[in-house]
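Throughout, read-outs are computed from the coordinates displayed, never taken from laboratory work. Owing to the predicted nature of the structure, the values given are computational and were not obtained by experimental measurement. Cβ: placed from backbone, ideal geometry, glycine included. Neighbour counts: every protein chain shown.
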Amino acid sequence: MRYLPLSPDDRSEMLAKIGVDTIDDLFADVPAEKLLTEPLDLPRRKGEMEVERILGRMAGRNVAASTVPFFVGAGAYKHHVPATVDHVIQRSEFLTSYTPYQPEIAQGTLQYLFEFQTQVAALTGMDVANASMYDGSTAAGEAVLMAHRVTKRRKAVLSGGLHPHYADVVETLSHMSGDKVVSLPADPRADEDILAAIDDETSCVVVQTPDVFGNLRDLTKIAEKAHAHGALLIAAFTEVMSLGLVKPPGAMGADIVVGEGQSIGNSLNFGGPYVGLFAARQKFVRQMPGRLCGETVDAEGKRGFVLTLSTREQHIRRDKATSNICTNSGLCCLAFTIHMTLLGQVGLQRLARVNHANAVALADALATVPGVEVITGAFFNEFTLKLPKDAAKVVEALADKGVLGGVPYSRLAPDADCDDLLLVASTEVNTDDDRAAYVAALKEVLA
Amino acid sequence: MLNRQGRPTSAGDGAITADTGTFTGNRALMQEEALIFESGRYETTGVDFDEPENFSPRLGDLEREGDIGLPGLSEPEAMRHFVRLSQKNYGIDTGLFPLGSCTMKHNARLNERMARLPGFADVHPLQPVSSVQGALELMDELSRYLVTLTGMTSVALSPKAGAHGELCGMMAIKAAIDAKGEGETRRTVLVPESAHGTNPATAALIGFKVKTVPADTDGTVRVQAVKDLIGPDTAAIMLTNPNTCGLFEPEIVEIAQALHDAGAYFYCDGANFNAIVGKARPGDLGVDAMHINLHKTFSTPHGGGGPGSGPVVLSQRLAPYAPVPFVIPGAEGLTLVEHEQYAEEKPFGRITAFHGQMGMYVRALSYMLSHGSDGMKQASEDAVLNANYIRAGLRGLMSQPFGDKPCMHEALFDDSWLKDTGVSTLDFAKAMIDEGYHPMTMYFPLVVHGAMLVEPTESESKSSLDLFVAAMRDLAQAAKRGETERFTGAPYHAPRKRLDETRAARQPILRWTPREPVREAAE
Ligand SMILES: Cc1ncc(COP(=O)(O)O)c(C=O)c1O
């Protein structure tokens, strides 16, 4: 077996040195009747070529985003990732290292985490950011738990513009821990009265912008009302690239900001791994979940970085920890940091404008299709269509014509009574031809 | 030898010693590297895009104003920055990485290649299921492997790492208890004191009270100790097997039975599954739920702290409560159940957006296909053999807290052998860095004083182990000889000397800020 260096001779020599006769003498604590004697019913070992054939065949049964006109978003986005990113994250020293528990030989990881935290804080307009969560949805769940700790209250209010998967994650967690959640109904036109839902029992309000329908939301008034009642505003986003062009939550009074960072540096990967971003006001830092990287000096006074404030964490605090998270999204943070560094603010802003321009062009083109209404007013790179037919069926029909046209809202929230709504995203990867193909296909499907 | 060029062929006595500083602060291949916020420029970008042609923005009045505060680097500068950073890191490919409990085994690059096939990497989680049949097939196949290897009934793939798997498993247990109407009474979870911190943290996260089970003098948990704590309030135990001392729990079957008799559940922390793949099945031992860290046992890279993946295998009793989403056969191929209301069972909800860590599923399946049934069993045996070989090589010199007896895939030492040397476990670990090794896990598990947990994995050759044992013996003897400075000042040869963690925590600096705020971000 190509991954196992020991030879049969090595094994016998080693057993002798240990002082046992057979390998199973080392498994003596396993109850004898539970020790397997036959190999399990799975195929034998395979060479690289055979594995490539098997997995290649499976991969070939999927439609890759780059092979079709592609407009699917709703929480994960198709962007172009520079070649440098994938090269660097495959360097052995990054790929095959562990969480930086030994900082003297992990300064590479620690320095990029410090850069990552700084980038995320700048993007969101917040004071501090952690070294990542699993993804945007689990970051949202953790943010609600953190708000409960800060406010010592246990009721969260969720906007109807929050991605239904994010709401589901918060609801599951809250149900299990016995906390209360008030989820407002789906709010495609961003006209819900969330202010009315905030009261003196409210721990936090969770509002997404751009929301799942694409609407940009002004959070200022929500922050004011929340703060007046002693509650926190948690701002969420699923498209981090929007922050290149759109007012950051930190400038609108958010106390905690969570979001999905996949769009910068990370591929679609059928849903994961992604990278959860988590930022907060300085005064809440000791209530934050997850790893934090901090600056310090070494014995010679040279600057260096370490994991810090770990008395919040499970390995020290155990059942009193702020979170149970251990492994996070390290390498995805690195991908994010490299891509963000290549872009710089100039590149990010330009790329964000390209996204926005493409989405505006697409919205205008689709609005010409008879029966189609674009219901989103202010948006970044994603908007919602109201269709004269069931959106799920339309998406299937579009796929048959080779266009991946978006996500029917009913797929995310089947009971929301929004069967005619289609979420459509457009990024820098879309061309004029893609748009023309979409318009033509949609015309045919709706005819 | 005749040397006509005047070029010295040996170091010579006039050579600059290692201690001599350089003008730049660099040391040959080891380069000092500024933060991007110091070397980058606000007007630079390393990505070429044209400005979009004139269009009217539709951002309402929510346009961002002013600088964001993010400098950029050109591509060559960025490449050099990150490559230099990488050179300050130790990875498995650098050398032996015996970090106990973390299973730092070889990360085959075939798995990286497979995960990057466009049919896996460039596929969106919400594409129509008809366009992702291969992805669902892969998830289905991975599930079959995991269920077969563990002898369990089903698997929830979506947890994002081990701790998330713990959360998933404990939520399934809570849902099962609630379904029986016992939610109000069964509020306590038993956790051995040797458990990983994520176990008590997980239980507490969803409102369970944690009761600590003492470890026996041999490092394992006695069924009697569990029985003493079991009551009508017991929801479950969270037991690691093989445990964090590197030992197989000899009374595991009886412990499972005791819990089941009391109407409680057995959550097994499967972080150490690598010791027993193909040798024993958790399902045969009475386990109800167990997470598997794909980034340990099935070699998906740790990537400096993630991403991981923590599927949870479930017993018949818990299978109905598995969270959404999951893959089932449909009318036209495979399909995904994404919502509770469409399931025939009783899913407890959703724990993450989308369907989990597909990129990790591909790598893990690639590992499993490569090894096959025979190779996985061999890998476990070699992992256990290697750990015992190290234990045998160090016995007599370093103390084993529970006596000289076989371990599973990791060998545990304590610090009693360092008594009166002035050298601590931490010092010893830092001296290992100078010798070119990543230190073992230190001060965990908590039940052993000054713990040193050594897990070589099956990826090490005999000669690599021999070198490691020799280095450890040299160090141990030096410590006993009283060469204290070799340890207390270590590391001497790493990119940084010992770092001041107290200072970092006392005045936390968690982001870069300009010395003088040159350009204040407008917001
Ligand atoms: C025994 C044990 N349990 C649980 C975990 C948590 O797993 P993860 O880091 O994947 O969340 C670890 C990982 O370090 C572990 O060693």
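Couple of notes before you dig in:
- Cross-link pairs beyond the 29 Å C-alpha cut-off, checked among B:Lys105/B:Lys497; B:Lys174/B:Lys296; A:Lys46/B:Lys462; A:Lys17/B:Lys227: A:Lys17/B:Lys227
- Beta bridges per DSSP with both ends in chain B, % antiparallel, nearest 5: 50 percent
- Prolate/oblate/rounded call for the stretch A:179-323, Cα gyration tensor, a/c under 1.5 rounded: prolate
- A:Lys443/B:Ser56 FRET efficiency (R0 25 Å; Cβ-Cβ; nearest 0.05): 0.50
- GNM flexibility winner over chain A from A:Asp24, A:Asp420, A:Asp434 (Cα, springs under 10 Å): A:Asp24
- The GluC sites (Glu not before Pro) found in the stretch A:360-439 include none that occupy coil by DSSP while having at most 14 further C-beta atoms within 10 Å.
- Dipole-positive endmost among B:Pro128, B:Leu142, B:Ser101 within the stretch B:69-210 (Cβ charges, Cα centre): B:Ser101
- Unit charges on C-beta of K, R, D, E only; dipole of the stretch A:83-339, Debye: 660 debye
- The calculated pair-distance distribution of the stretch A:83-339 uses every alpha carbon pair, bins of 5 angstrom beginning at 0, and gives 1, 7, 14, 18, 20, 16, 12, 7, 4, 2, 0, 0 percent.
- Global geometry of the stretch B:181-234, whether rounded, prolate or oblate, following the gyration tensor of its Cα atoms and the 1.5 cut on a/c: oblate
- Neighbours of A:Val30, meaning other residues whose beta-carbon lies under 9 angstrom from its beta-carbon, give a summed charge of 0 when Lys and Arg score +1 and Asp and Glu score -1.
- Sites A:Asp127 and B:Arg187, calculated FRET efficiency, Cβ-Cβ separation with R0 25 Å, nearest 0.05: 0.10
- When the Gaussian network model of chain A links Cα atoms closer than 10 Å, the mean-square fluctuations of A:Val120, A:Val150, A:Val207 top out at A:Val150.
- Options A:Ala186, A:Gly276, A:Phe114, ranked by Cα towards positive dipole end of the stretch A:83-339, top entry (Cβ charges): A:Phe114
- Taking the Cα centre of the stretch B:111-367 as origin and assigning +1 to Lys and Arg Cβ atoms and -1 to Asp and Glu Cβ atoms, the resulting dipole is close to 380 debye.
- Taking 7 Å steps out from each Cα toward its Cβ at B:Arg515 and B:Ser461 produces label points 5.1 nm apart.
- Positive end of the dipole of the protein assembly as shown (Cβ unit charges, origin at the Cα centre): among B:Met376, B:Gln31, B:Gln341, the Cα lying farthest that way belongs to B:Gln31.
- Phi to ³J(HN,Hα) by Karplus 6.51 cos²θ - 1.76 cosθ + 1.60 over the stretch A:203-218, Hz, x for Gly, Pro: 8, 7, 10, 10, 10, 9, 8, x, 7, 5, 8, x, 4, 7, 10, 7
- Additional length obtainable on full extension of the chain from A:Asp433 to A:Ser12, 0.36 nm per residue less Cα span: 145.0 nm
- Using a Förster distance of 22 Å, the FRET efficiency for B:Asp474-B:Arg395 (Cβ separation, nearest 0.05): 0.85
- Between B:Glu38 and A:His87, the simple spin-label model (points 7 angstrom out along Cα→Cβ) gives 2.5 nm.
- Fraction of antiparallel bridges per DSSP, chain A only, in percent to nearest 5: 55 percent
- Amide H within-cut-off set for A:Gly73, under 5 Å, with H built and near neighbours excluded: A:Val407, A:Ala425
- Relative contact order (%) - criterion: Cα under 8 Å, at least six apart; region: chain A: 20 percent
- Based on C-alpha pairs under 8 angstrom that are at least 6 apart in sequence, chain B has a relative contact order of 18 percent.
- Cα gyration tensor shape of chain B, rounded if a/c is under 1.5, else prolate or oblate by comparing a/b with b/c: oblate
- Residues whose amide H lies under 5 Å from that of B:Arg41, counting only those 5 or more places away or on a different chain, are B:Gly72; hydrogens are built 1.01 Å from N in the peptide plane.
- Residues A:Met241, B:Met79, ranked from the fewest to the most other C-beta atoms within 10 Å, line up as B:Met79, A:Met241.
- Sequence-distant aspartates and glutamates (8 or more away, or on other chains) whose Cα lies within less than 12 Å of A:Lys393: A:Asp419, A:Asp420
- Pair A:Asp419, B:Arg109: separation of 7 Å Cα→Cβ label points (nm): 5.3 nm
- Per-residue ellipticity at 222 nm, computed for chain A from helices alone with -39500 (n - 2.57) per DSSP H run of at least four residues, works out to -11500 deg cm²/dmol.
- Here the extension length gained between B:Ala28 and B:Ser74 equals 14.1 nm, from 0.36 nm per residue of separation less the Cα-Cα distance.
- In plain terms, the residue of A:Tyr3, B:Tyr443, B:Tyr267 with the fewest other Cβ atoms within 10 Å comes first and the most crowded comes last, giving B:Tyr443, A:Tyr3, B:Tyr267.
- Residues whose placed amide H lies under 5 Å from that of A:Thr296, excluding near-sequence neighbours: A:Gly304, A:Phe305, A:Val306
- Test item: Cα-centred dipole of the protein assembly as shown, Lys/Arg +1 and Asp/Glu -1 on Cβ, debye: 1440 debye
- Taking every residue in A:248-254 and counting other chain Cβ atoms within 10 Å of its Cβ, the average works out to 2.
- Candidate aspartates and glutamates - alpha carbon under 12 Å from B:Lys211, same-chain residues fewer than 8 apart omitted: A:Asp319, B:Glu193, B:Asp228, B:Asp233
- Kirkwood Rh and Cα Rg combined as Rg/Rh, the stretch B:111-367: 0.97
- DSSP bridge orientation in the protein assembly as shown - percent antiparallel, rounded to nearest 5: 55 percent
- Counting only residues at least eight positions apart within a chain, or on another chain, the lysines with an alpha carbon under 19 Å from that of B:Lys419 are B:Lys430, B:Lys480.
- Remark: B:Val223, A:Val72 ranked as B:Val223, A:Val72, counting other beta-carbon atoms within 10 Å and listing the fewest first.
- Residue by residue, the stretch B:110-115 carries 3J(HN,Hα) couplings of 4, 5, 5, 4, 5, 5 Hz when phi is fed to the Karplus relation 6.51 cos²θ - 1.76 cosθ + 1.60 (θ = phi - 60°); x denotes Gly or Pro.
- Whole-Hz couplings from phi, Karplus 6.51/-1.76/1.60, listed for the stretch A:118-124; x for Gly and Pro: 5, 4, 5, 4, 5, 4, 8
- Candidates A:Ile198, A:Ile54, A:Ile316: whichever shows maximal mean-square fluctuation once chain A is modelled as a Gaussian network with Cα springs under 10 Å: A:Ile54
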